[in-house]
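This report refers to the structure that appears directly beneath it.
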Amino acid sequence: MIEKMRHLLTTALLTVICVAGLSACQSAHHSAPSVPMEVIVPSRAASADIIDAYAALHRLGLRVALTKQFGISSLSLPGVVLAPRAGTRVRRGSTVTIAPGAVTLGSPVYPTSQPIHRVPNFDGQLLSVAITWTNQRGLFWSVPALPSLPASTEPHLFDAYRIVGQTPRPGRTILPGVTTGRGFRVTPLILKVVLA
């Protein structure tokens, strides 16, 4: 009788342990949603400028490479040609290459005032730092030669580059532009960069 009771208690205890373990496994499975292993190259990236296309691809967990060097500025943003093309299903973490496409030319807004700013020393800093500085002050920027880029996981395109030269020099002043007759010519912060 005692042996039978001991057997029943052991069986009941094992059943409780198994049910509890199974419940915990199922709970863990449901609380951690699975991340898709594949994503689709988005059409919005194919129709965006090169800065926004890079950001859209990065958000999907893709690596991004640029095929060749090109010039870019706040008023001259290249479009993109993607490989693989938009609509293609690819594995998360794989590389999408961007070739610079047709350039969209912007028109500067004629400023009502011309604030003058002293230029910091951007030497050794990420390109994104200088771009943010100019944008926040209503100034213009230009990178005459943005190098080609191996597959990158940086969150922003300009985080992949480091500044090695600038015009105006640190400590000099800069303003948005100068009037020329009835027109307006911008005076951008010109930046020389290398891969970070």
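What the table shows:
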{"item": "Hits in the stretch 82-120 - residues which are among the aliphatic types (A, V, I, L, M), loosely packed, with under 15 Cβ neighbours inside 10 Å and within 30 Å of TRP133 (Cα to Cα)", "result": "ALA102, LEU105, VAL109, ILE116"}
{"item": "Test: residue in the stretch 31-52 that is part of a helix (DSSP H, G or I), at pLDDT below 95, loosely packed, with under 12 Cβ neighbours inside 10 Å and among the small types (Gly, Ala, Ser)", "result": "yes"}
{"item": "Subset of the stretch 160-191 (residues that are part of a strand (DSSP E or B), surrounded by 14 or more Cβ atoms within 10 Å (Cβ to Cβ) and either in contact (Cβ under 8 Å) with a residue 60 or more places away in the chain or of a type in the set (Lys, Arg) (or both))", "result": "ARG162, GLY177, PHE184, VAL186, LEU189, LEU191"}
{"item": "Pairs where the first residue, in the stretch 108-137, is closer than 15 Å to VAL178 by Cβ and the second is part of a loop (DSSP other than H, G, I, E, B) and among the hydrophobic types (A, V, I, L, M, F, W, C), C-beta under 6 Å, 6+ apart", "result": "GLN114/LEU175; ILE116/LEU175"}
{"item": "Any hit, the stretch 135-150, residues being surrounded by 17 or more Cβ atoms within 10 Å (Cβ to Cβ), over 25 Å from the mean Cα position of the chain (by Cα) and over 23 Å from ALA65 (Cβ atoms)", "result": "no"}
{"item": "Selection count where residues are out of contact with any helix residue (DSSP H, G or I) (no Cβ under 7 Å at 6 or more places or on another chain), in a strand (DSSP E or B) and more than 19 Å from SER142 (Cα to Cα), scope the stretch 68-98", "result": "7"}
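The values are calculated or read from the model by the stated rules, or taken from the named source; none is laboratory data. Model, not experiment: these values are computed from the prediction. We place every Cβ from the backbone using ideal geometry, glycine too, and count neighbours over all the protein chains shown.
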